[in-house]
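First the structure, in the form of structure tokens, and then the observations on it.
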Amino acid sequence: MKYRSKLEKKIHEANPYLEYEPKRCKLEYYRPHVYQTDFVDPEEPNVYYEAKGYFRSGEARKYVMIQEQHPDIEIIFIFQNPFNKMPGAKKRKDGTFLTMAEWADKHGFRYVKA
């Protein structure tokens, strides 16, 4: 049997009655956060505008989660440069990287260039 760590192996050997099946049980959890938008159109209060020069590492996932959990709102990005590389993007076979514009398209967000 392959263990993910020496500690897990030690625990299982000391307690063989415990089933060792990592990742068998998966539980979703959500950490409470508050999103504070940059701009709101008073005529369309469910449309938020987010000004972005760049994404911090891991920040993009926040917007996807907001969109999933609040389907009644729309976030429109105002990108300083929509063709900036997304942080953490892996180099493609053609040598290019995923851009902020491509990320927005992929996840169904509208965007404009500032």
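Please go through segment 55-84 and give me each residue that is without any contact (Cβ under 8 Å) to a residue 40 or more places away in the chain and aromatic (Phe, Trp, Tyr), ordered by number.
Phe77, Phe79, Phe83
Given the residues Phe83, Phe109, Phe79, Phe55, which is the only one that is touching a Lys or Arg at 6+ places or on another chain (Cβ under 6 Å) and farther than 30 Å from Met1 by Cα?
After applying the criteria, what remains is Phe79.
The numbers here are math on the coordinates, done by the rules we state, and not lab data. Note that the coordinates shown come from a computational prediction; the quantities given were computed from them, not determined experimentally. Here Cβ is always computed from backbone atoms with ideal geometry, including for glycine, and neighbour counts include all displayed protein chains.
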